[in-house]
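Let me begin by presenting the structure, written as structure tokens, before commenting on it.
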Amino acid sequence: MTTPRPASTEILRIAVAGLGTVGAGAVKLLAANRAVIEARAGRPLAIVAVSARTEGRDRGLDLAGSRFVGDPAALADEHAVDVVVEALGGAEGPALALAEATLGAGKGFVTANKALIAHHGLALAERAEAANAPLAFEAAVAGGVPVVKALREGAAANAIYRVIGILNGTSNHILSAMEASGADFADALTEAQSAGIAEADPAFDIDGVDAAHKLAILAAIAFGARIDFAGVAASGIREVRAADIAQARALGFVIRLVGVADTEGGALLQRVRPCLVPLGHPLAHVTGATNAVVAEGNFAGRLLFQGEGAGAGPTASAIVADLIDIARGRCARPFGVPPAALAAMVRADPGDRRGRDYIRFTVADRPGVLAEITAAMRDAGVSIESLIQRGRAAEDGGEVLVAMVTHEGPERCVTQALALLAGSPNLTAAPLVLPLLEG
């Protein structure tokens with residue numbers, strides 16, 4: 001564990017690598033709230049060095065007194081630096097080199113880089129422990145929502161057995177927009193890009209990769225497990241149609257991209273996928289670019305954390321909160337326990353999990369199609385609770401949407417049914433399976 005360092009009147013000397021949205025946001029927050037930050041930190045904080053792609057560019061920041069360093073990794077060698085804030089992004093390259101060099105030099109390292117922690121968090125925690133150096137990444141998960149500290153410290157007395165959450169604001173904004181306007185996915189994505197909410201290349205967000213990074217980090221903290229990003233099964237929202245949104249609403253649900261991690265049966269399950277969320281569930285009311293995490297502990301019960309999950313302000317808030325902890329000498333172990341104590345958990349077989357599913361088929365408008373689908377369900381042992389068939393206009397190709405909700409059953413049965421239907425000329429698109437989030 002990092003040894004607590006007593007509060008001091010000495011200045012905490014900070015270097016910032018990267019002056020884009022995240023790095024500039026941290027610089028602005030430190031300047032705007034300096035009095036309250038230093039009162040809570042118990043000592044002055046000063047940015048003494050920065051690194052960015054271009055020196056001298058007007059970023060609207062007061063960097064007087066800050067030395068410019070061209071190579072971000074060289075910040076670790078700056079004698080007058082106590083802690084480095086990494087705002088470069090990316091799991092490899094300069095961000096990883098900077099992290100390794102900073103911790104290797106025994107200096108504090110603060111990052112909002114979820115990809116870096118999801119891929120290299122264990123190795124960095126080991127390096128931090130060996131050097132007795134603080135490693136902090138509150139901003140890497142859910143922006144300004146202090147869920148990392150809450151799980152690691154606030155709920156430390158609990159055995160956490162399940163974590164679920166809406167972990168990507170872009171996807172949640174798109175699904176909320178589809179819900180509100182009836183727009184289809186492509187139109188909602190275009191609107192989000194025009195508003196600056198979605199990137200020009202939105203793949204990491206809409207395909208569930210960003211949420212998977214965050215879920216892997218949360219699972220490690222919640223369950224005391226070694227990070228297993230490769231074990232997160234992720235699918236995104238590209239295939240969700242306006243018709244699915246409408247059908248979900250008619251059934252008493254909304255569709256959200258949800259990350260789920262649990263340790264049922266002693267094995268670790270980690271998945272990110274669109275789900276039907278019942279209207280009575282806390283996550284059903286999370287709209288727009290908001291993040292929310294629900295953790296379930298054996299004594300605390302259900303805990304809900306919600307707030308802005310991205311953007312300069314919320315992310316800077318989490319970064320500076322970590323800096324305050326370091327200034328006070330109160331930086332906890334990154335994952336709550338020593339790295340050697342993190343368990344290498346067996347991956348769960350998702351086929352064993354029981355649940356209900358919404359399944360949507362896009363099929364040709366011809367006789368016998370429905371009989372083929374229901375026969376495959378019967379042969380695979382899937383029991384159908386309800387079934388809806390809706391035609392589409394001739395100008396849309398005259399396809400028919402067949403949607404069903406299954407009774408509770410093993411997931412492998414649905415997988416087997418879809419395998420029986422694979423290659424059928426009656427199916428004009430791959431089926432969409434959305435689990436019903438229970439509880």
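The values are calculated or read from the model by the stated rules, or taken from the named source; none is laboratory data. None of the values given here were measured: they were computed from a predicted structure. All Cβ positions, glycine included, derive from the backbone under ideal geometry; neighbour counts span all protein chains shown. We work out accessible area using only protein heavy atoms, side chains counted, and drop any ligands, DNA or RNA first. Shrake-Rupley method; radii C 1.70, N 1.55, O 1.52, S 1.80 Å.
Listed by position, the helices (runs of 4 or more DSSP H) contained in the range 184-287 that have at least 1 residues being under 19 Å from Leu304 (Cα atoms) are 209-223. Please count how many residues of the range 76-100 are assigned to a helix (DSSP H, G or I), farther than 25 Å from Pro314 by Cα and in contact (Cβ under 8 Å) with a residue 60 or more places away in the chain. Of the residues in the range 76-100, 0 are assigned to a helix (DSSP H, G or I), farther than 25 Å from Pro314 by Cα and in contact (Cβ under 8 Å) with a residue 60 or more places away in the chain.
Just so you know, in the range 383-408 the residues that are in a strand (DSSP E or B) and at pLDDT below 80 include one that is most open to solvent (accessible area, probe 1.4 Å), and it is Arg390.
Checking the stated criteria, Glu92 turns out not to satisfy the condition of being of a type in the set (Asp, Glu), at pLDDT below 90 and open to solvent by 70 Å² or more (accessible area, probe 1.4 Å). Looking across Ala192, Ala230, Ala200, one residue alone is free of Cβ contacts under 8 Å to residues at least 40 places away in the same chain and touching a His at 6+ places or on another chain (Cβ under 6 Å). It is Ala192.
Selection of first residues in the range 304-322 that are within 14 Å of Leu167 (Cβ to Cβ) and of second residues that are basic (Lys, Arg) and surrounded by fewer than 24 Cβ atoms within 10 Å (Cβ to Cβ), restricted to Cβ pairs under 6 Å at least 6 apart or on distinct chains, gives an empty result. With respect to the stated conditions, Ala200 is among the small types (Gly, Ala, Ser), closer than 28 Å to Leu116 by Cα and surrounded by fewer than 16 Cβ atoms within 10 Å (Cβ to Cβ). Annotation note: of Val363, Val337, Val369, the sole residue that is within 26 Å of the chain's Cα centre (by Cα) and either hydrophobic (A, V, I, L, M, F, W, C) or surrounded by 19 or more Cβ atoms within 10 Å (Cβ to Cβ) (or both) is Val337.
How about the range 156-189: which of its residues are free of Cβ contacts under 8 Å to residues at least 40 places away in the same chain and under 23 Å from Ala234 (Cβ atoms)? Of everything in the range 156-189, those that are free of Cβ contacts under 8 Å to residues at least 40 places away in the same chain and under 23 Å from Ala234 (Cβ atoms) turn out to be Ala177, Ala186, Ala188, Leu189.
Can you find a residue in the range 52-67 that is open to solvent by less than 10 Å² (accessible area, probe 1.4 Å) and either within 23 Å of Asn168 (Cα to Cα) or in a strand (DSSP E or B) (or both)? For the range 52-67, residues open to solvent by less than 10 Å² (accessible area, probe 1.4 Å) and either within 23 Å of Asn168 (Cα to Cα) or in a strand (DSSP E or B) (or both): absent. Against the conditions (1) without any contact (Cβ under 8 Å) to a residue 60 or more places away in the chain; (2) farther than 29 Å from Glu438 by Cα, Ile206 satisfies every one except (2).
Per the listing Asp184, Asp244, Asp210, the residue uniquely under 23 Å from Ile359 (Cα atoms), open to solvent by less than 20 Å² (accessible area, probe 1.4 Å) and of a type outside the set (A, V, I, L, M) is Asp244. The sole residue among Gly165, Gly106, Gly144 that is part of a loop (DSSP other than H, G, I, E, B), of a type outside the set (A, V, I, L, M, F, W, C) and either within 18 Å of the chain's Cα centre (by Cα) or buried (at least 21 other Cβ atoms within 10 Å of the Cβ) (or both) is Gly144. Just give me the residues in the range 40-51 being open to solvent by less than 70 Å² (accessible area, probe 1.4 Å), out of contact with any Leu (no Cβ under 9 Å at 6 or more places or on another chain) and not in a loop (DSSP other than H, G, I, E, B), in sequence order. Scanning the range 40-51 gives a single hit, Val48.
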